Structures are given as structure tokens and as C-alpha cells.
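The values are calculated or read from the model by the stated rules, or taken from the named source; none is laboratory data. Remember, predicted model here, so these are calculated numbers, not experimental data. All Cβ positions, glycine included, derive from the backbone under ideal geometry; neighbour counts span all protein chains shown.
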Amino acid sequence: MTLRQSRGRWFFTVFVASMATCLAWSRSLAAEPTPPAAADAGERPRTDRPSSSAGPDAPASPSADLPPHRTVRYTDGRLHIERNAPTLGGVQLWGDEFWRRGWHIQRNALTGHCRLLDENNRREDWGSFEQCLTRFEELKRERNLPPMKGRAVILLHGLGGWHSTMQPLANYLQESGSFAVVNLTYPSTRADVSAHARALASVIEHLDGIEEINFVAHSLGNIVVRRYLADRAAGGNADPRIKRFVMLAPPNHGSLRADKWSDKDLFVAVLGASAVQLGSGWSELEKQLAVPAGEFGIIAGGRGDDRGYSSRLPGDDDNTLSVDATRLAGARDFKIVPARHSFIIVSPTVHRMTLEFLEHGYFVSEAERSPIVDRRAPR
């Protein structure tokens, strides 16, 4: 590939990513109601459901030919008809801070307000986190939602992704019947790693009834988990439920490509603070990351030779990270699969290996386990 072709591919990728972000932003803002003055003053809108037994002083019922809806009566007497607006489930601007059987509370990275989404990503409420949580508790009682229990596996996508990118793996793990699958979204291009880790901490804090917690993360998601683990350890409040962690194509020693582009305004504008931290900010970020205390395994993408998929990266690579950049001393098992960085999460082989490690602590078998004991890991 010529230099011109390489630059052309890069700028095309950046253009597509920026257009997707703009589209998601516009769709998200269009789906959110504008708070009235009463709500801005801290007054909570009151939610009423239309009833045929309403008295003569009750407001007129909406037309019968409208789809099912809720009537929200604000404290100043005005009405707002909500039809449980569908959403994309959070794309770049939203991050999960609560998750319970598919219901989740997300916070907007720009405005700071929250929304409650049902298991089909339809908005049930909005406001502060506490208001959304209160509404969920009401709905839980109304609908007799059962509590969570047993083992859970939390999935985190990589830079520029959202929960849908991990859905094939989530489906595979769900079908195994062994785990409650918590597939999270976080605004990977709109906040830094510490903010993502705090949101993850909030999700875990609210996983009532879960007895065991495991992680599976792709790319940047692994760094978010490592930052979360470091924060818990520093505070002396590590969660004893955490057991195993599968890292898929993790930038455990930063990203050479991100380092080269970190001083470009377009790179920063599109991919955000987390991408810069993986590049020029890595030396500081690395100090804030923990090596997991529990069992963890790493699956890297590569061709199994000394060339890899990219001539611009040293040694074997997945076209984004070198294999050596994924290594982390202490890993209980390490495997290389023939996959590029963005496609490793849809590999059937990776799906099988991931479930095997979550169940047994190895990717193939105990006899074929390949632990990492050295600290050799150039970017």
C-alpha cells in the first residue's frame, strides 16, 4: 500500500467516524425532551397514567387514536405526552451507570442529565440519576421484575464502539446459560479513562444479588477495567465478587499509532481524551492502572509471524496493535488468533475461548495454557 493510499484510508475512516458521531448526537438530542422551567428549578414532574375513572376536574384525555403513552403533568399544570421514545441505546454521548436485567440508566456526557431505558432501549424516564433510579424501583414493583442472582459477566467495547459491537459475543455467552450478561455502553470518545472507570464502578455497585463478577473487554475497554481495579485497590474497597477477566486485543502498553497521531487536532476532536491517553498520555495513564489480582487471560490478533497485518508496526500485529503491546505479566493464559483488531470480537474461535476461560481459567485446556511471566512489551 502506498503512502497516499494509507493516508486516504485513514482520512476516510476518520470521516466515517465523525459522521457517525454527529448522527448519533442529533438522534440522541432529538429523542430527549426539553425540561420545563419547573423541572429546571428542581421540581420533579409528576407522572400520571390516563384513567377512565378520572374526576370532572381531571385534564381532558388525549385522543383515543394515539399510540400508548404516559401523561406527564408538571408542577405548573402543563401536560406533556410521552410515547416511550425509542433510542439507539447510547452511541458515544451516553454511558451506562446502572444495569438490571436489560434496564439501564445512562448519563449524557455533554449535559450530565440521565435517562432510564427499558430492555428494548425505549426511554421510560429522564432527569437526575436518583430520579431515574426511583422510577426504576417503581416499575420493578409494578412489573414484578425478578432480582438478579448468580454469576455475571460485564462486557465493555473499545474506542469508538458501543454495546452493539459486542452483541455477537454477548449473545454467545447468554446462550451458554452460565452467566447474566451485562453489555455496557460508555462514551469512549467523549470522556477520559477515569470517567469511564467511575461509571463502571456505579454499575457494579448496583449489581445487587450477583455473587460473582467477570469481565470481557475489547481494546480500550480493558484499560477502563484496569483503571477501575486500581481505583478500588487504592480505596481499600476491592469487590470480592470479581473473579476472571478476558482481555481481547488490549493496549496494555499503549498504542504506537495513537502516539503518532495524538498531536493532530482532528484526531483529538474525533476520538477524544481516551485516545490521547493511549498515545502521548500513556506514561501518566499507565501509573493509574492495576494488574488484575484475579485470573486473567489475553487473546491477541496476529498472523503468527514476524510481519503481522501492518508493515508500520513492529513484529506480529492485528493491524492496530503489535502482539507485544497486548502482553501483560501475570496473565494466566495467552493466545494469538488470526484476526484483525476490530474483528477479533466476532470470531467464533474467540467466542469459544472466552467462555472456556470464564468457566475454567484457560482458553483451550490446562495442558495448553501459556502464562506470561516476563515483562517484555514494547509498543
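A few remarks follow.
- Enumeration of residues in region 239-255 that are farther than 20 Å from residue 288 by Cβ, in contact with a helix residue (DSSP H, G or I) (Cβ under 8 Å, 6 or more places away or on another chain) and either outside the structural domain of residue 349 (by TED's automatic domain parsing) or not charged (D, E, K, R) (or both): 246, 248, 249
- Qualifying residues in region 305-336 (those that are among the basic types (Lys, Arg) and either in a loop (DSSP other than H, G, I, E, B) or in contact with a Ser or Thr (Cβ under 6 Å, 6 or more places away or on another chain) (or both)) - the one nearest to residue 368 (Cα to Cα): 332
- Among the residues of region 329-379, the one identified as buried (at least 19 other Cβ atoms within 10 Å of the Cβ) and more than 19 Å from residue 216 (Cβ to Cβ) is 379.
- Scanning region 341-379 for residues that are at pLDDT 95 or above and of a type in the set (Val, Ile, Thr) returns 344, 345, 346, 349, 350, 354, 364, 372.
- Count of residues meeting criterion [under 27 Å from residue 337 (Cα atoms), touching a strand residue (DSSP E or B) at 6+ places or on another chain (Cβ under 8 Å) and not in a strand (DSSP E or B)] in region 230-263: 3
- Put simply, of 197, 191, 201, 217 the only residue that is touching a helix residue (DSSP H, G or I) at 6+ places or on another chain (Cβ under 8 Å), under 26 Å from residue 281 (Cα atoms) and assigned to a strand (DSSP E or B) is 217.
- Any chance residue 171 is farther than 30 Å from residue 267 by Cβ, surrounded by fewer than 20 Cβ atoms within 10 Å (Cβ to Cβ) and at pLDDT 95 or above: yes
- Some residue of region 147-165 being within 30 Å of residue 342 (Cα to Cα), among the hydroxyl-bearing types (Ser, Thr, Tyr) and in contact with an Asp or Glu (Cβ under 7 Å, 6 or more places away or on another chain): no
- Subset of region 98-125 that is hydrophobic (A, V, I, L, M, F, W, C) and out of contact with any Pro (no Cβ under 7 Å at 6 or more places or on another chain) - its residue that is surrounded by the most Cβ atoms within 10 Å (Cβ to Cβ): 105
- Meets criteria (on the phi > 0 side of the Ramachandran plot and within 22 Å of the chain's Cα centre (by Cα)) for residue 158: no
- Residue in region 135-144 that is in contact with a Ser or Thr (Cβ under 9 Å, 6 or more places away or on another chain) and assigned to a strand (DSSP E or B) present: no
- Criterion: farther than 20 Å from residue 341 by Cβ, assigned by TED's automatic domain parsing to the domain that holds residue 341, assigned to a strand (DSSP E or B) and modelled with pLDDT of 95 or more - qualifying residue of 284, 211: 211
- Residues of region 287-302 that turn out to be part of a loop (DSSP other than H, G, I, E, B) and surrounded by fewer than 18 Cβ atoms within 10 Å (Cβ to Cβ), as a count: 4
This table checks each residue for (1) closer than 21 Å to residue 162 by Cα; (2) in contact (Cβ under 8 Å) with a residue 24 or more places away in the chain.
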| site | (1), (2) |
| --- | --- |
| 224 | yes, yes |
| 235 | no, no |
| 241 | no, yes |
| 259 | no, yes |
| 294 | no, yes |
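- Checking each residue in region 106-124 for being farther than 23 Å from residue 197 by Cα and either among the β-branched types (Val, Ile, Thr) or in contact with a His (Cβ under 6 Å, 6 or more places away or on another chain) (or both) picks out no residue at all.
- Residue match in region 303-310 (condition: in contact (Cβ under 8 Å) with a residue 24 or more places away in the chain, within 13 Å of residue 249 (Cα to Cα) and surrounded by fewer than 17 Cβ atoms within 10 Å (Cβ to Cβ)): no
- Consider region 337-353 and keep the residues that are touching a helix residue (DSSP H, G or I) at 6+ places or on another chain (Cβ under 7 Å) and part of a helix (DSSP H, G or I). The one that is farthest from residue 256 (Cα to Cα) is 351.
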